[in-house]
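Down below is the structure, laid out as structure tokens.
The values are calculated or read from the model by the stated rules, or taken from the named source; none is laboratory data. None of the values given here were measured: they were computed from a predicted structure. Neighbour counts run over all protein chains shown; Cβ positions are idealised from the backbone, glycine included. Only protein heavy atoms, including side chains, enter the accessible area calculation; ligands, DNA and RNA are left aside. Shrake-Rupley method; radii C 1.70, N 1.55, O 1.52, S 1.80 Å.
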Amino acid sequence: MNAIVLAILLMVMLCLLKIPVAIALISSALLGALHSGLSMSEAVDTFNDNLLMGAQVGVTYIMIGAFAVAIARSGLVDLLAYKIASQLDLNVGATNKGVKWMLLLALVAASIMSQNLVPVHIAFIPILIPPLLGVMNKLRMDRRGIACILACSMSASYLLLPTGFGAIYLNEILLANVNSVGQAYGMSATPGMVLKAMALPVMGILLGMLVAVFYTYRKPRRYQEAPSTTLQTETPLKPLNFKQIIFTVAALVVALICQLQFDSLLIGAMIGFMILSVAGIFRWSDQDDVFTEGLRMMAQIAVIITFASGFSGILNATNEIAPLVSATADFIGDNMVLGAALMLVVGLFITIGFGDSFASVPILAPIYVPLAITLGFSPVATIALLGAAAALGDAGSPASTITLGATAGLNADGQHDHISDSVIPTFIHANFGMLIFAWIAALML
């Protein structure tokens with residue numbers, strides 16, 4: 001068996017058996033490395049050598065977490081939760097459909113903005129969701145559907161809108177790799193082609209989200225009321241003053257500008273945090289407490305991202321990714337219909353292991369671009385295949401920041417399991433529709 005297939009299957013199986021994700025990543029990576037012929041010492045060294053990139057990303061998320069906590073101290077999030085809760089009709093038989101749809105639309109909007117307008121990625125979830133759990137409990141909303149809304153909205157945002165994280169994925173990674181590899185074959189692509197190519201795959205994601213909301217998880221689901229999710233509707237919150245609003249908005253704008261200017265979420269989040277601190281949104285003496293709270297909030301995510309980097313490093317070190325894709329290419333022959341389907345499935349499988357679509361593109365591009373050109377796919381279809389193949393599995397991987405973020409918010413009261421309530425629902429609803437629509441796009445474009 002191919003070592004890549006073995007390692008990913010083991011990782012998924014261990015996660016399904018409720019083994020902690022970090023342990024599942026390490027153990028399956030080492031077993032895959034041993035199966036490929038690496039010694040235990042080589043496997044451990046390779047794993048350790050590849051932790052640096054994940055650690056850098058983890059530190060960025062910790063800083064983003066601190067910035068998100070600082071924003072929460074402004075009172076804006078609590079005010080939103082209070083406004084929504086105050087609209088609830090608690091009388092027996094009340095459906096509160098208007099409140100439910102207002103809440104769902106607010107989550108969609110926040111998810112989209114988190115990737116583009118205010119690029120804090122998943123850091124908004126542990127801040128925004130816990131205060132709203134009381135409302136969700138009263139509405140008896142199935143949190144698995146909420147996880148799908150968060151995952152599908154965030155994925156669709158960075159896969160289609162070319163700002164923030166979308167600019168990084170679409171232009172700096174996807175377009176750059178297609179042009180770099182395609183140059184030797186006389187193929188070049190433009191930003192306009194990228195948007196055209198990704199439109200149909202994103203429609204598949206959005207369709208999956210609608211299926212989750214209107215069909216799969218439409219039925220009410222009861223959760224136990226915890227003290228942390230008790231509705232606060234009787235006592236109005238202290239009104240926000242003009243200073244709080246101005247400086248919070250300024251911090252968000254400056255953080256976005258710095259992120260774009262310096263190409264660093266870390267710098268943007270740090271400067272935003274400093275603005276809120278100097279503005280007196282929270283007391284100067286509370287800076288350490290705010291930062292520590294953000295650290296605690298993002299610690300598990302940062303650790304898993306770090307270990308996932310080691311896992312992906314071992315997958316590369318086995319040198320069995322290329323044979324896996326080559327075997328797929330040999331099986332395809334000159335069948336475009338079969339070729340598009342298998343390229344997407346193999347991409348889905350690899351990205352589940354990596355847990356990161358951004359890291360999958362450079363790995364798949366050197367093989368997928370020549371293969372697509374040989375099979376006769378157009379440049380736009382080639383972009384659709386590569387862009388979707390690398391993104392498939394991002395929402396739905398146990399090590400994905402998207403699923404980890406959803407769990408971090410929805411499990412604030414201990415009633416939302418990472419694998420059964422976040423990973424499996426998002427895997428099904430975000431990936432199946434995207435796979436089908438990306439396959440159609442590759443054959444049509």
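Below is a table of values for the structure above.
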{"item": "Fraction in percent of alpha-carbon pairs per bin - 10 Å, the stretch 375-426", "result": "26, 35, 19, 15, 5, 0"}
{"item": "Separation of the L17 and T190 label points, Cα + 7 Å toward Cβ, nm", "result": "5.4 nm"}
{"item": "Percentage, to the nearest whole number, of Cα pairs in the stretch 9-84 over 16 Å apart", "result": "67 percent"}
{"item": "The stretch 242-303: Cα Rg divided by the 2.2 N^0.38 Å rule of thumb", "result": "1.18"}
{"item": "The stretch 384-393 - phi-based ³J(HN,Hα) in whole Hz, Karplus 6.51/-1.76/1.60, Gly and Pro as x", "result": "4, 5, 5, x, 6, 4, 6, 8, 4, x"}
{"item": "Y215-M274 FRET efficiency (beta carbon distance; Förster radius 41 Å; 0.05 resolution)", "result": "0.35"}
{"item": "A176 paired with Q261, simple spin-label distance in nm, labels 7 Å along Cα-to-beta-carbon", "result": "2.1 nm"}
{"item": "Reference-scaled alpha-carbon Rg (2.2 N^0.38 Å with N residues) for the stretch 338-403", "result": "1.06"}
{"item": "Loop sites in the stretch 156-227: trypsin sites (Lys or Arg not before Pro), DSSP, at most 16 other Cβ within 10 Å", "result": "R218, R221, R222"}
{"item": "FRET efficiency, L52 to K97 (Cβ-Cβ, R0 60 Å, nearest 0.05)", "result": "0.75"}
{"item": "Extended-chain gain in nm, criterion 0.36 nm per residue less alpha-carbon gap, A250 and A199", "result": "15.1 nm"}
{"item": "Apportionment of accessible area to carbon and sulfur, the stretch 98-195, percent (1.4 Å)", "result": "66 percent"}
{"item": "Stretch gain in nm, segment A322-A109, where the contour uses 0.36 nm per residue and the Cα spacing is subtracted", "result": "72.7 nm"}
{"item": "Rg(Cα)/(2.2 N^0.38 Å) for the stretch 315-424, N = residue count", "result": "1.22"}
{"item": "Surface accessible to a 1.4 Å probe, per residue, for the residues of the stretch 261-419, Å²", "result": "34 Å²"}
{"item": "Which listed pairs, of K138/K219; K138/K243; K100/K219; K97/K138; K18/K138, have C-alpha distances above 22 Å, in listed order", "result": "K138/K243; K18/K138"}
